[in-house]
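Below you'll find the structure, written out as structure tokens, and then a few comments.
The values are calculated or read from the model by the stated rules, or taken from the named source; none is laboratory data. Keep in mind that what you see is a predicted model, and the values were worked out from it rather than measured. We place every Cβ from the backbone using ideal geometry, glycine too, and count neighbours over all the protein chains shown. The accessibility values were calculated without ligands, DNA or RNA, using every heavy atom of the protein model including side chains. Shrake-Rupley method; radii C 1.70, N 1.55, O 1.52, S 1.80 Å.
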Amino acid sequence: MGIIEDKTVYAYSDGSAIGNPGPGGYGAVIKYRDHVKEFSQGFRNTTNNRMELLGAITVLDALKGRQRVVLTTDSQYVINGIEKGWAKKWRSNNWMRNRKERALNPDLWERLLDACDRHDVSFEWIRGHTGHVENERCDELANVAARSHVSKQLIDDLFEQSQN
């Protein structure tokens with residue numbers, strides 16, 4: 001019998017916002033066998049939760065074809081939204097949490113749900129800032145992006161429009 005080859009992609013993501021809302025960024029890492037790819041981007045005005053979602057979306061969107069993915073994050077917001085079915089429930093209720101409250105970040109939840117549908121994704125939560133190598137790297141990437149010069153930051157259009 002031959003060795004069964006593990007074709008699982010391991011992904012890690014984190015988000016950051018200074019001031020929340022304020023300048024923010026995400027950091028993400030993909031590992032497949034001995035290949036590693038890093039992603040990060042800063043935004044001039046956003047929230048921590050939006051960056052947590054965007055980090056997860058970014059790694060899933062970067063993958064070609066349908067992949068088996070283990071996505072590790074320290075964001076309970078992301079984990080619970082998917083694993084507890086909150087995001088699917090909000091979507092089925094036209095992005096309402098209940099009869100009076102709109103769900104926050106429906107644009108990004110929609111993108112994350114679509115990305116999860118394209119792949120076989122399992123989520124793993126880890127406590128942040130505990131020395132987990134990939135989580136610490138994602139945190140570093142997110143914070144550097146959040147603190148990057150405004151000329152390198154993007155505009156989180158939907159968030160900024162919602163603030164006006």
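Only bridges with both residues in the chain count here: give the DSSP antiparallel percent, nearest 5.
60 percent
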Quiz item: Tell me which lysines have Cα within less than 17 Å of residue 89's Cα, excluding those fewer than 8 residues away on the same chain?
Solution: 100
Quiz item: Of 88/152; 7/88; 64/84; 31/84; 7/84; 37/152, which ones are farther than 30 Å apart at the Cα?
Solution: 88/152
Self-check item: Where segment 1-137 is the region considered: accessible area per residue in Å², 1.4 Å probe
Solution: 55 Å²
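Net charge around residue 94, counting only other residues with Cβ within less than 14 Å of its Cβ (Lys, Arg = +1; Asp, Glu = -1)?
Cβ neighbours under 14 Å give a net charge of +4.
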Quiz item: How high is the FRET efficiency from residue 93 to residue 66, r the C-beta distance, R0 30 Å, rounded to 0.05?
Solution: 0.60
Practice problem: Compare the peptides 40-47, 151-158, 82-89 by average per-residue count of other Cβ atoms within 10 angstrom and give them in order, highest first. | Solution: 40-47, 82-89, 151-158
Exercise. Estimate the FRET efficiency between residue 102 and residue 132 by the formula 1/(1 + (r/R0)^6), using the beta-carbon distance for r and 45 Å for R0, to the nearest 0.05.
Key: 0.85
Quiz item: By how many nm would the segment from residue 117 to residue 34 lengthen if fully extended, with 0.36 nm per residue of separation less the alpha-carbon distance?
Solution: 27.3 nm
Quiz item: Quick one: Cα convex hull volume of segment 1-66, Å³ per residue?
Solution: 81 Å³
Quiz item: Hey, what D do you get for the chain in µm²/s if you plug the Kirkwood alpha-carbon radius into Stokes-Einstein at 20 °C and 1.002 mPa s?
Solution: 132 µm²/s
Quiz item: Share of the chain's accessible area from carbon and sulfur, percent, 1.4 Å?
Solution: 49 percent
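Under the rule of -39500 (n - 2.57) per DSSP H run of 4 or more residues, summed and divided by the residues of the chain, what mean residue ellipticity at 222 nm is obtained, to the nearest 500 deg cm²/dmol?
After summing the helix terms and dividing by residue count, I get -11000 deg cm²/dmol.
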